[in-house]
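Down below is the structure, laid out as structure tokens.
Rule-based calculations on the coordinates, nothing more; no lab input. Since we're looking at a predicted model, the values are computed, not measured. Cβ atoms come from the backbone with ideal geometry, glycine included; neighbour counts cover every protein chain shown.
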């Protein structure tokens, strides 16, 4: 199965990419360099687009889209974004323009490829709950055990998407930097 992303999966994936990129669009308002400790503690809608260059190493906290505990080096840039919506804004920092370890993304893609590339359903094989197979150009995860030497039974499986598999390979959501690196890999 050379091309394992079907039209629906690709549409969903690029819709998610577009949503993320739209959230980042707009003009940046460059603010003075500062230490992590001196970043504003309260963020408002009026601060949308404020970009700061953080002059020391830091670890993200609850104010960051990336979540708590991500480490970044001195010189990283952060921008204020609305991580909510127009009705219920949730103002957070988003790390931008930082070095990205593309190997981690490649490992995620490789693990997904390995999960599905050579795993076509074989009626002579037994499958356990959670096993992933391909069948007639679809990707499926067993929700019930499959007995060897029996035919395909659609009630034993759930259809899954490539996005589901990427989430299994790496449960954290993609950061902005990872998303940008993934786009670069695809381009």
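Modelling each spin label as a point 7 Å along the Cα-to-Cβ direction, I'd like the residue 158/residue 74 distance in nm, to one decimal.
Each label point is offset 7 Å from its Cα along the Cβ direction, giving 4.8 nm.
Test of understanding: what is the full-extension gain from residue 120 to residue 33, defined as 0.36 nm times their sequence separation minus their Cα-Cα distance? Before the final figure, lay out the partial values.
Details: separation 87, 0.36 × 87 = 31.32 nm, distance 5.39 nm.
Contour length minus Cα-Cα distance gives 25.9 nm.
Quickly rank 75-82, 41-48, 128-135 as a protection proxy: mean count of other C-beta atoms within 10 Å, highest first.
Working: 75-82: 21.4, 41-48: 12.5, 128-135: 14.6.
Final packing ranking: 75-82, 128-135, 41-48.
At a Förster distance of 45 Å, what's the computed FRET efficiency of residue 53 paired with residue 85, Cβ-Cβ distance as r, to 0.05? Could the numbers behind the result be given before it?
Details: r = 28 Å, r/R0 = 0.63.
So the FRET efficiency works out to roughly 0.95.
Report the full-extension gain for the segment residue 61 to residue 149: residue separation times 0.36 nm, less the Cα-Cα distance, to one decimal in nm.
Stretched out fully, the residue 61 to residue 149 stretch lengthens by 26.4 nm.
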